[in-house]
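The values are calculated or read from the model by the stated rules, or taken from the named source; none is laboratory data. These numbers were taken from a predicted model, which means no experiment stands behind them. Cβ sites come from the backbone with ideal geometry, for glycine too, and all protein chains shown count toward neighbours. Areas reflect the complete protein model, heavy atoms only, side chains present, ligands, DNA and RNA absent. Shrake-Rupley method; radii C 1.70, N 1.55, O 1.52, S 1.80 Å.
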Amino acid sequence: MATLLTRRSFGHCIGIAAALGPHSSCSGPGPEGEWTEWGGDSGGTRFSPLDQVNRDNVAGLRLAWTHHCGEVSDGTVNRTRTAYECTPLMAAGMLFVTTPFNRVLALDPESGSERWTFDPGLDLGRRYNLWANRGVSLWQNGSERRLLHGTLDGRLIALDAGSGKPCTEFGDGGTVHVDARLTSPPAIVGDLAVIGGNAPTLRAYDVRSGKLAWTRHKVPDNDKAAIATWAGDSWRNRRGGVAWPPLAADTDRGLLYVPTDSPTYDYYGGDRAGDNLYSNCVLALSASSGEYRWHFQATHHDIWDYDLCAQPVLCDLRRDGRTVPLVAQVSKQGFLYVLHRETGEPVFDIEERPAPQHCAPGERPAATQPIPAKPAPFVRQSMTPDELSTVTPEHAAWAKQLASRYQIAPLYHPGTERGVIIFPCNQGGGEWGGGCFDPTTGRFYVNGTNLADIVVMEPRARGGTRRIEGREIIASEGLHADLTYRRKAIDVRQNKFWHPETLWPCQQPPWGVLSSIDLATGDYDWQVPLGEVPELTAQGVPPTGTINMGGPIVTAGGLLFIGGSNDRRFRAFDTGSGRVLWEGRLEGSGHANPMTYIGPASGRQFVVIAAGGGNKLSHRFTDALQAFALPG
């Protein structure tokens with residue numbers, strides 16, 4: 001029988017909806033139309049108060065300039081591909097950009113010409129999951145400005161924002177070695193820079209000296225309640241980071257909000273029975289000390305790679321004349337968890353529902369999983385055989401034969417010997433781009449991908465590889481030798497439920513969606529396809545949406561800007577209706593979050609996006625950063 005979470009619900013959805021009125025939120029871009037934080041502000045709202053470009057004139061938006069960073073890899077060398085995922089910052093008359101190879105560039109915000117460059121000198125012969133970096137953080141104290149930059153090879157570097165030169169009093173000549181792979185910018189809270197990455201700790205460093213201020217382990221060794229959620233001592237020396245996406249900070253309350261990673265290994269947890277705290281959590285900590293305040297776990301005993309991969313969004317709503325502080329967390333499952341920012345209590349009821357238990361021998365899934373009453377999921381979480389794609393006869397045939405090999409399973413079904421098709425896949429649902437919040441309307445906007453994983457559990461191949469749906473699968477790396485299944489090490493075969501050449505998902509469209517949610521009620525205003533497949537459109541197929549990566553921003557001009565889609569398009573949507581008002585061509589798909597600012601010389605509003613394509617979603621790789629503005 002389904003049971004409610006033991007924590008008290010913060011106002012049932014009907015009660016809170018009836019009382020909510022005007023809205024307020026964290027501040028947007030900095031003074032004079034600057035964009036000084038990765039998420040627009042420390043709370044990640046990605047809202048801009050700029051309205052020079054608006055519903056009435058956005059159709060006139062034109063390409064203003066393009067900058068090429070010169071860094072492209074399709075994976076043929078070192079099996080590492082580039083992902084141009086940077087969201088630039090704009091401050092003090094310069095645009096600060098990071099490249100796939102982790103260089104930092106300062107560009108003229110009017111023309112895109114380079115002012116200075118800093119190269120950390122990564123070893124380009126080393127193999128990584130992706131060549132990627134999502135941006136730098138800016139610390140300001142009067143006229144002093146520093147950029148804090150985390151690198152793939154485990155360095156935290158402080159640069160003078162004016163010159164690009166290392167700040168020599170920070171660490172060892174401007175560098176602190178942190179032994180963590182960093183792809184997201186640090187969170188700046190006062191004079192502290194807080195980092196996560198793939199390390200099992202969160203750490204805060206003094207921005208001036210580089211000295212370590214505090215450390216929090218993923219599972220603190222004195223936290224008996226958390227340790228009890230891991231079988232035996234399986235919590236010790238567990239690989240997997242605390243948090244790899246950007247963190248959010250409530251500077252008024254002195255709190256950090258941390259979206260935590262899943263435990264290793266992604267698809268098999270036979271050696272770590274239990275709920276596995278503090279994995280898969282929204283975790284609230286003291287920003288000054290790292291001390292625990294509260295947590296909410298979104299997935300118990302994760303065996304689907306459903307880590308919380310997006311920055312939490314801090315938003316305020318007005319209720320009965322007072323401000324209600326909320327944190328909204330996007331998930332790969334397609335849920336939006338809305339929690340009270342001070343207590344972690346759900347705004348809408350969250351029910352612990354029984355979860356599927358049929359699995360590979362040795363696995364012990366969690367008995368229940370938390371399901372929000374509202375908002376409804378923003379992506380598909382299941383399908384039936386009659387929902388296979390029919391967009392073309394050839395694709396229909398491929399989808400039918402692929403689906404016939406495996407069990408079509410519901411959400412939270414574990415991997416099995418036969419193999420399961422399960423929605424959403426480990427790339428979402430929602431992904432690291434996250435959502436955005438408009439404080440003037442109380443609407444939350446989020447994009448999502450409708451795509452399934454295929455997960456098969458079987459004895460590991462010794463000394464060889466296998467192929468699944470035309471793709472070589474190597475026995476999962478890093479599994480402990482003593483994890484046994486039929487007296488052999490586990491091998492997890494995982495692939496996507498798509499055609500490997502076209503990258504079209506095998507269920508009926510829409511394959512990508514964009515949604516508007518009223519946070520006061522938890523109801524949807526609209527949901528529309530995000531992206532199209534031009535060859536299908538030419539055949540008369542309605543827009544299907546596409547798989548997508550990279551999130552939106554929203555502006556006071558009534559516009560939502562987003563790339564994300566796998567069709568080399570950058571679009572502006574009407575926030576009220578979801579109608580496309582403008583779209584621009586990109587050199588590659590824009591798998592990054594955009595940003596906007598006022599040019600300091602021209603006074604024009606620019607909208608900028610990294611259009612690198614590639615990543616894990618596209619066969620086309622580019623190195624373009626593109627800026628759009630109204631004619632001068």
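On a per residue basis, the convex hull of the C-alpha atoms belonging to the range 327-414 measures out at 125 Å³.
Label point of SER209 set 7 angstrom out along Cα-Cβ; within the range 149-170, amide nitrogens under 14 Å from it belong to 169-170. Relative contact order, whole percent, for the chain stands at 15, derived from Cα pairs under 8 Å and 6 or more residues apart.
Here the calculated FRET efficiency for HIS68 and ARG253, from their Cβ-Cβ distance with R0 = 51 Å, stands at 0.75, rounded to the nearest 0.05. For SER262, the amide hydrogen comes within under 5 Å of the amide hydrogens of ASN280, ASP307, LEU308, counting only partners 5 or more places away or on other chains and with H modelled in the peptide plane.
Rolling a 1.4 Å sphere over the protein heavy atoms, what is the accessible area per residue of the chain, to the nearest Å²? Let's see the in-between values first.
On the way: 22210 Å² over 632 residues.
Per-residue accessible area for the chain comes out at 35 Å².
Divide the volume of the convex hull around the Cα atoms of the range 96-159 by the residue count and you get 93 Å³ per residue.
When the residues ASP307, ASP51 are ordered by accessible surface, computed with a 1.4 Å probe over the protein chains alone, the sequence from largest down reads ASP51, ASP307.
Compare LYS374, LYS224, LYS211 by solvent-accessible area with a 1.4 Å probe and give them largest first, with all protein chains kept in place. Let's see the in-between values first.
On the way: LYS374 60, LYS224 170, LYS211 145 Å².
The most accessible residue leads, giving LYS224, LYS211, LYS374.
Along the axis of the charge dipole computed for the chain (Cβ charges of +1 for Lys and Arg, -1 for Asp and Glu, origin at the Cα centre), the listed residues ALA624, LEU61, GLY33 are led at the positive end by ALA624. Computed from backbone phi, the HN-Hα couplings of the range 107-117 come to 10, 5, x, 8, 10, x, 6, 7, 9, 7, 9 Hz, rounded to whole numbers (Karplus: 6.51 cos²θ - 1.76 cosθ + 1.60, θ = phi - 60°; Gly and Pro given as x). Which of the listed residues, GLY240, ALA273, GLY197, is farthest toward the dipole's positive end in the range 158-282, when Lys, Arg count +1 and Asp, Glu count -1 at the beta-carbon? Sorting the options by dipole projection puts first ALA273.
Each label point was placed 7 Å from the Cα along the Cα-to-Cβ direction; for ALA367 and VAL541 their separation is 4.5 nm.
Mind pulling up the Rg/Rh value for the range 285-382? Radius of gyration and Kirkwood radius, both on Cα.
Details: Rg = 15.6 Å, Rh = 15.3 Å.
Answer for the range 285-382: 1.02.
For LEU107, what is the net charge nearby, where nearby means another residue's Cβ is under 11 Å from its Cβ and Lys, Arg count +1, Asp, Glu -1? Net local charge, LEU107 excluded: -2.
Residues HIS591, HIS619 ordered from highest to lowest accessible area at a 1.4 Å probe: HIS619, HIS591. Residues in the range 422-435 carry Karplus couplings, in order, of 9, 9, x, 7, 6, 9, x, x, x, 10, 4, x, x, x Hz; the curve used is 6.51 cos²θ - 1.76 cosθ + 1.60 with θ = phi - 60°, and Gly or Pro positions show x. A full extension of the chain between ALA376 and GLU114 corresponds to an added length of 89.8 nm, given 0.36 nm per residue minus the alpha carbon distance. Using a probe of 1.4 Å on the protein chains alone, the accessible area found for ARG181 is around 100 Å². For the range 476-632, the equivalent ellipsoid derived from the alpha-carbon gyration tensor has semi-axes of 35, 20, 18 Å in decreasing order. For the range 539-632, the relative contact order is 21 percent, taking Cα pairs closer than 8 Å that sit 6 or more residues apart in sequence and dividing their mean separation by the residue count. Checking every one of the trypsin sites (Lys or Arg not before Pro) in the range 307-377 against DSSP loop status and a limit of 12 other Cβ atoms within 10 Å picks out no site at all. Under 5 Å between amide hydrogens, built in the peptide plane, is the criterion, and for GLY415 it picks out nothing among residues at least 5 positions away or on other chains. Legend: calculated FRET efficiency, ASN78 to THR440, from the Cβ-Cβ distance at R0 = 35 Å, rounded to 0.05, equals 0.15.
Based on Cα atoms of the chain, Rg over Rh with Rh as the Kirkwood radius reads 0.94. Protection proxy ranking of 546-556, 386-396, by the mean of other Cβ atoms within 10 Å over each peptide's residues and highest first, is 546-556, 386-396.
The accessible area of THR384, taken with all protein chains in place and a 1.4 Å probe, comes to roughly 60 Å².
How much length is gained on full extension from VAL580 to THR390, taking 0.36 nm per residue of separation minus their Cα-Cα distance? Each step should come with its number before you reach the end.
Values: separation 190, 0.36 × 190 = 68.40 nm, distance 2.57 nm.
Residue separation times 0.36 nm, minus the Cα-Cα distance, leaves 65.8 nm.
Charges were assigned to the Cβ only: +1 to each Lys and Arg, -1 to each Asp and Glu. The resulting dipole of the range 128-214 about its Cα centre is roughly 160 debye.
For the range 553-616, taking Cα atoms only, Rg and Dmax work out to 12.3, 38 Å respectively.
Under the convention that each Lys and Arg Cβ holds +1 and each Asp and Glu Cβ holds -1, the size of the dipole of the range 87-244 around its Cα centre is about 540 debye. Can you find, among PRO600, THR544, ALA572, the residue farthest towards the positive end of the dipole of the chain? Put +1 on the C-beta of Lys and Arg, -1 on that of Asp and Glu. So the residue we want is THR544. Overall size of the range 133-212 from C-alpha positions, given as principal axis extents largest first: 35, 23, 22 Å.
From its DSSP helices (H runs of at least four residues, each -39,500 (n - 2.57)), the chain gives a residue-normalised ellipticity at 222 nm of -1000 deg cm²/dmol.
Pull out the extension gain between ALA228 and THR323, defined as 0.36 nm times the separation in residues minus the alpha carbon to alpha carbon distance; nm, one decimal.
Taking ALA228 through THR323 to full extension adds about 30.5 nm, to one decimal.
Here the dipole of the chain is about 1080 debye; that uses its Cα centre as origin and unit charges on the Cβ of Lys and Arg (positive) and Asp and Glu (negative). Rounded to the nearest 10 square angstrom, CYS436 shows an accessible area of 0 square angstrom against a 1.4 Å probe.
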